[in-house]
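*Asks:* Before I ask anything, here is the structure I am working with.
The values are calculated or read from the model by the stated rules, or taken from the named source; none is laboratory data. Remember, it's a predicted structure, so these values are computed and weren't measured experimentally. Using ideal geometry, Cβ is built from the backbone for each residue, glycine included, and neighbour counts are taken over all protein chains shown. Please note that ligands, DNA and RNA were not included when accessible areas were found on the heavy atoms of the full protein model with its side chains. Shrake-Rupley method; radii C 1.70, N 1.55, O 1.52, S 1.80 Å.
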Amino acid sequence: LHEETAPEGYVLATDIEFEVTFEKGTQHENMTDKVVEMSKVDIGGEEIEGATIQVKDKDNKVIDEWVSGKEPHKISNLKEGETYTLHEEITAKGYVKATDTTFTVSLDKETQHEKMTDKIVEITKENVARELLEGAKMQVFDDEGNLVDEWISGKEAHRVENLIEGASYILHEETVPEGYVKAKDEKFEVTLDKDNQKIVMIDKMLSVTKTDLTDGTELEGAELTVTDETGNVIDKWVSMKEPHII
C-alpha cells in the first residue's frame, strides 16, 4: 500500500505491506497519516508572528514555506523517516535570526511538534548614574562594516534589528547628546543560547573648572578653549561660577 501524495498538512506515510487472507470475510487495512507542527516562539514560549520560515529537504530544496502566525503551522510535503532543515528566511521585527536546525520525521503515529526560538538583543544608552540617556544616534555594524541597524536612543531599550545568532557586531555611537563624551566602539557577539541579551553603552561627562590657586574658588571671566590633537576647536567658553561641561 503506497501513498503517492499526502493531503496538505500531513506527512507522507511509509509503504505498508499486506496479504489478502483466504478467509471469506471483508478485510480491513489501515494507513495513518501523522502531522508535524512547527511553532516560531520567543523565549517565553509565545508564538511570534511575521517570520518567514522554510523547510528544506536533504537536497536543500524548499518543500514548504510560510509566515508564522498565532497558531503552529502544519508542515506539508514531509516523508516519514526523512531528515529536514528548518530555516528562518526573514525574522520578525525586533528578533534575532535563529540558526538553522534539523529534525527527523519519526515513524511513530503521533503528532510531532517542532519549534524554533527567536531571542532578543536589547541595547540601552545610559549615563554613569545608570539612567537612560536620550538623543544619542546609535549604529550597529557587522564584521564587514555593513550598517545593520540605526536609531536614536530614547526612554526605552532598543531591540536591535537584522542580527544573526553566532555573529559578531560593532556598537558605534555616531553622535552624542549635548554635554556627554562619545563612547568608544564596543564589539559584541550574539550568543547561540536561547536567552535574551542586554548590552549597555555608557556615556560619561567631562567638566572643567577655572579656580584661584590660593583658595580654590571658581574664577569668572576667563576665555577657555579645548582643541583636539590636530588643532581643531571643539569647545569654547567663558568661565563662570560653576564648572563647564565640555
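*Asks:* Is it true that some residue in the stretch 208-230 is under 26 Å from Arg130 (Cβ atoms) and touching a residue at least 40 places away in the same chain (Cβ under 8 Å)? Step through it out loud before you land on a result.
*Replies:* Restricting attention to the stretch 208-230, the residues satisfying the condition of being under 26 Å from Arg130 (Cβ atoms) are 208-209.
Retained after the next criterion (residues that are touching a residue at least 40 places away in the same chain (Cβ under 8 Å)): none.
Scanning the stretch 208-230 turns up no residue that is under 26 Å from Arg130 (Cβ atoms) and touching a residue at least 40 places away in the same chain (Cβ under 8 Å).
*Asks:* Right, another one. Just give me the residues in the stretch 123-146 being in contact (Cβ under 8 Å) with a residue 40 or more places away in the chain and part of a strand (DSSP E or B), in sequence order.
*Replies:* Ile123, Thr124, Lys125, Glu126, Asn127, Met138
*Asks:* Could you tell me whether Lys115 is more than 26 Å from Glu8 (Cβ to Cβ), outside any loop (DSSP other than H, G, I, E, B) and either touching a Lys or Arg at 6+ places or on another chain (Cβ under 6 Å) or of a type in the set (D, E, K, R) (or both)?
*Replies:* Details: more than 26 Å from Glu8 (Cβ to Cβ): no; outside any loop (DSSP other than H, G, I, E, B): yes; either touching a Lys or Arg at 6+ places or on another chain (Cβ under 6 Å) or of a type in the set (D, E, K, R) (or both): yes.
No; evaluated as a whole, the condition is false for this residue.
*Asks:* Failed condition for Lys24, given (1) in a loop (DSSP other than H, G, I, E, B); (2) over 17 Å from Lys109 (Cα atoms); (3) touching a residue at least 40 places away in the same chain (Cβ under 8 Å), with all others met?
*Replies:* Result: Lys24 passes all but (3).
*Asks:* Moving on to the next point. Identify all residues within the stretch 113-146 that are open to solvent by 30 Å² or more (accessible area, probe 1.4 Å) and more than 30 Å from Trp66 (Cβ to Cβ); write none if there are none.
*Replies:* Applying the first criterion (open to solvent by 30 Å² or more (accessible area, probe 1.4 Å)) to the stretch 113-146 yields 113-115, 122, 128-132, 134-135, 137, 141-146.
Listed by number, the residues that qualify are Val128, Ala129, Arg130, Glu131, Leu132, Glu134, Gly135, Lys137, Phe141, Asp143, Glu144, Gly145.
*Asks:* Out of the stretch 61-77, which residues are within 18 Å of Thr111 (Cβ to Cβ), open to solvent by 90 Å² or more (accessible area, probe 1.4 Å) and among the acidic types (Asp, Glu)?
*Replies:* Glu71, the sole residue that qualifies.
*Asks:* Another question, then. Which members of the stretch 162-176 meet the condition of being surrounded by fewer than 17 Cβ atoms within 10 Å (Cβ to Cβ), on the phi < 0 side of the Ramachandran plot and in a loop (DSSP other than H, G, I, E, B)? First the steps, then the outcome.
*Replies:* The first filter runs over the stretch 162-176 and keeps only residues surrounded by fewer than 17 Cβ atoms within 10 Å (Cβ to Cβ), leaving 162, 164, 166-168, 170, 174-175.
Narrowing further to those that are on the phi < 0 side of the Ramachandran plot: 164, 167-168, 170, 174-175.
Answer for the stretch 162-176, where residues must be surrounded by fewer than 17 Cβ atoms within 10 Å (Cβ to Cβ), on the phi < 0 side of the Ramachandran plot and in a loop (DSSP other than H, G, I, E, B): just Ala167.
*Asks:* If you don't mind, there's one more thing I want to ask. Might you check whether a residue that is among the aliphatic types (A, V, I, L, M) and not in a loop (DSSP other than H, G, I, E, B) occurs anywhere in the stretch 9-20?
*Replies:* To start, the set of residues in the stretch 9-20 that are among the aliphatic types (A, V, I, L, M) comprises 11-13, 16, 20.
Add one more test, that the residue is not in a loop (DSSP other than H, G, I, E, B), and what stays is 12.
Looking for residues that are among the aliphatic types (A, V, I, L, M) and not in a loop (DSSP other than H, G, I, E, B), one finds at least one in the stretch 9-20, hence yes.
*Asks:* Where residues in the stretch 78-102 are open to solvent by 60 Å² or more (accessible area, probe 1.4 Å) and over 20 Å from Asp42 (Cα atoms), which of them is nearest to the chain's Cα centre (by Cα)? Please lay out each step first, then the result.
*Replies:* Of the residues in the stretch 78-102, the ones open to solvent by 60 Å² or more (accessible area, probe 1.4 Å) are 79, 82-83, 89-90, 93, 100, 102.
Subsequent filtering for residues that are over 20 Å from Asp42 (Cα atoms) retains 79, 82-83.
Working: Lys79: 31, Glu82: 30, Thr83: 26 Å.
My answer is Thr83.
*Asks:* Across the stretch 32-44, what is the total count of residues that are open to solvent by 50 Å² or more (accessible area, probe 1.4 Å) and not hydroxyl-bearing (Ser, Thr, Tyr)? If you could, list the steps in order and put the result at the bottom.
*Replies:* The initial filter retains those residues of the stretch 32-44 that are open to solvent by 50 Å² or more (accessible area, probe 1.4 Å), namely 32, 43-44.
Checking which are not hydroxyl-bearing (Ser, Thr, Tyr) leaves us with 43-44.
Total meeting the criteria: 2.
*Asks:* For residues in the stretch 182-197 being open to solvent by 50 Å² or more (accessible area, probe 1.4 Å) and in a loop (DSSP other than H, G, I, E, B), which is nearest to His244 (Cα to Cα)? Quick ask: steps written out before the conclusion?
*Replies:* Applying the first criterion (open to solvent by 50 Å² or more (accessible area, probe 1.4 Å)) to the stretch 182-197 yields 182, 184-187, 189, 192-196.
Still in the list and also in a loop (DSSP other than H, G, I, E, B): 182, 184-185, 192-196.
Details: Lys182: 17, Lys184: 22, Asp185: 26, Leu192: 45, Asp193: 46, Lys194: 46, Asp195: 43, Asn196: 40 Å.
Per the stated criteria, the residue is Lys182.
*Asks:* Do any residues in the stretch 50-75 that are in contact (Cβ under 8 Å) with a residue 40 or more places away in the chain have Cβ atoms under 8 Å from those of residues that are surrounded by fewer than 16 Cβ atoms within 10 Å (Cβ to Cβ) and of a type in the set (Val, Ile, Thr), where the two are at least six apart or on different chains, and which pairs are they?
*Replies:* Gly50/Val67; Ala51/Val67; Ala51/Ile90; Ile53/Val67; Lys74/Val35
*Asks:* Still on this model: How about the stretch 200-220: which of its residues are under 23 Å from Glu178 (Cα atoms) and small (Gly, Ala, Ser)?
*Replies:* Answer for the stretch 200-220, where residues must be under 23 Å from Glu178 (Cα atoms) and small (Gly, Ala, Ser): just Ser207.
*Asks:* Contact list please: Cβ distance under 6 Å, first residue in the stretch 99-122 and touching a residue at least 40 places away in the same chain (Cβ under 8 Å), second residue open to solvent by 60 Å² or more (accessible area, probe 1.4 Å) and part of a strand (DSSP E or B), pairs at least six apart or on different chains.
*Replies:* What qualifies is Ile120/Arg159; Glu122/Arg159; Glu122/Lys198.
*Asks:* Given (1) open to solvent by 70 Å² or more (accessible area, probe 1.4 Å); (2) more than 30 Å from Val140 (Cα to Cα), where does Lys56 come up short, assuming only one miss?
*Replies:* Here Lys56 meets the rest and fails (1).
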